[in-house]
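As structure tokens, the structure follows; a few thoughts come after it.
The values are calculated or read from the model by the stated rules, or taken from the named source; none is laboratory data. Being a predicted model, the structure only gives us computed values, none of them experimental. We place every Cβ from the backbone using ideal geometry, glycine too, and count neighbours over all the protein chains shown.
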Amino acid sequence: MKIDYSRETSLNVKKAVEKLTADLKSSGWGVLGVIDVKKIFSEKLNLEYDEYIILDVCNPALASKGLRINKQAGLILPCKIIVYDDNGKTKVSLYKPTVALSTAASLPGYDELANLAREAEKGLKEIVDKQ
């Protein structure tokens, strides 16, 4: 099972994050957190690393439905998208919500949650494809 949905973009990491953030917002998603791995490694470990950004993203409407089905659905929220430099090429990768949910198959309401995960994944793939 492939855990990611990935695309390459012609934008640099900073511009790709900016565009991705705008595209998410216009599609009803929000960025809850931005983790700058390069900055953290530099400050905490004195280690040089490539540009690497982790975005925690959420669609409040889908999240609220999922949490009403089962509050433990929060264990797999928010969704993750990474934007990073890979040998001079910028890549955008989504950790597929269906894969994240597959680890929680024992949750009551799993089938309903799976429908939400598929909906989230479809929307996020469309956004990733725009990059």
So SER106 passes all but one of these: (1) under 29 Å from GLU8 (Cβ atoms); (2) more than 15 Å from the chain's Cα centre (by Cα); (3) of a type outside the set (D, E, K, R); (4) surrounded by fewer than 14 Cβ atoms within 10 Å (Cβ to Cβ). Which condition number does it fail? (1)
For PRO97, state whether it is surrounded by fewer than 18 Cβ atoms within 10 Å (Cβ to Cβ) and either farther than 18 Å from ILE35 by Cβ or hydrophobic (A, V, I, L, M, F, W, C) (or both). no
Going by the conditions given, is GLU119 surrounded by 13 or more Cβ atoms within 10 Å (Cβ to Cβ), at pLDDT 95 or above and of a type outside the set (Lys, Arg)? yes
Among the residues in the range 48-64, are any over 22 Å from ALA117 (Cα atoms), in a loop (DSSP other than H, G, I, E, B), in contact with an Asp or Glu (Cβ under 6 Å, 6 or more places away or on another chain) and at pLDDT 95 or above? yes
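Within the range 95-125, restricting attention to residues that are polar (S, T, N, Q) and outside any helix (DSSP H, G or I), which residue is nearest to LEU55 (Cα to Cα)? Can you show your working first?
From the range 95-125, those polar (S, T, N, Q) are 98, 102-103, 106, 115; that's our starting set.
Cutting the leftovers down to outside any helix (DSSP H, G or I) gives us 103, 106.
Numbers: THR103: 21, SER106: 27 Å.
If we take residues in the range 95-125 being polar (S, T, N, Q) and outside any helix (DSSP H, G or I), then THR103 is nearest to LEU55 (Cα to Cα).
Filter the range 66-94 down to the residues that are touching a residue at least 40 places away in the same chain (Cβ under 8 Å) and surrounded by fewer than 17 Cβ atoms within 10 Å (Cβ to Cβ), then identify the one that is farthest from ILE53 (Cα to Cα). Working first, answer last.
Of all residues in the range 66-94, those touching a residue at least 40 places away in the same chain (Cβ under 8 Å) come to 66, 69-70, 73, 78-79, 81, 83-85, 89-94.
Filter once more, keeping what is surrounded by fewer than 17 Cβ atoms within 10 Å (Cβ to Cβ): 70, 89.
Values: ASN70: 30, LYS89: 14 Å.
Among those residues, the one meeting the criterion is ASN70.
What is the residue count in the range 88-112 for residues that are of a type in the set (Phe, Trp, Tyr) and touching a Phe, Trp or Tyr at 6+ places or on another chain (Cβ under 8 Å)? Write out each step before concluding.
First, the residues of the range 88-112 that are of a type in the set (Phe, Trp, Tyr): 95, 110.
Adding the requirement that they be touching a Phe, Trp or Tyr at 6+ places or on another chain (Cβ under 8 Å) leaves none.
Counting residues in the range 88-112 that are of a type in the set (Phe, Trp, Tyr) and touching a Phe, Trp or Tyr at 6+ places or on another chain (Cβ under 8 Å) gives 0.
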Going through the range 29-52 in order, the residues found to be over 17 Å from ASP86 (Cβ atoms) and surrounded by 12 or more Cβ atoms within 10 Å (Cβ to Cβ) are TRP29, GLY30, VAL31, LEU32, VAL34, ILE35, LYS39, ILE40, SER42
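So which of LYS44, LYS25, LYS2, LYS38 is touching an Asp or Glu at 6+ places or on another chain (Cβ under 8 Å) and of a type in the set (Lys, Arg)? Full working, then the answer.
Numbers: LYS44 fails: touching an Asp or Glu at 6+ places or on another chain (Cβ under 8 Å); LYS25 fails: touching an Asp or Glu at 6+ places or on another chain (Cβ under 8 Å); LYS2 fails: touching an Asp or Glu at 6+ places or on another chain (Cβ under 8 Å).
Checking each option against the conditions leaves just LYS38.
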I'd like to know if the range 20-29 contains one or more residues that are in contact with a Leu (Cβ under 9 Å, 6 or more places away or on another chain), in contact (Cβ under 8 Å) with a residue 24 or more places away in the chain and assigned to a strand (DSSP E or B). no
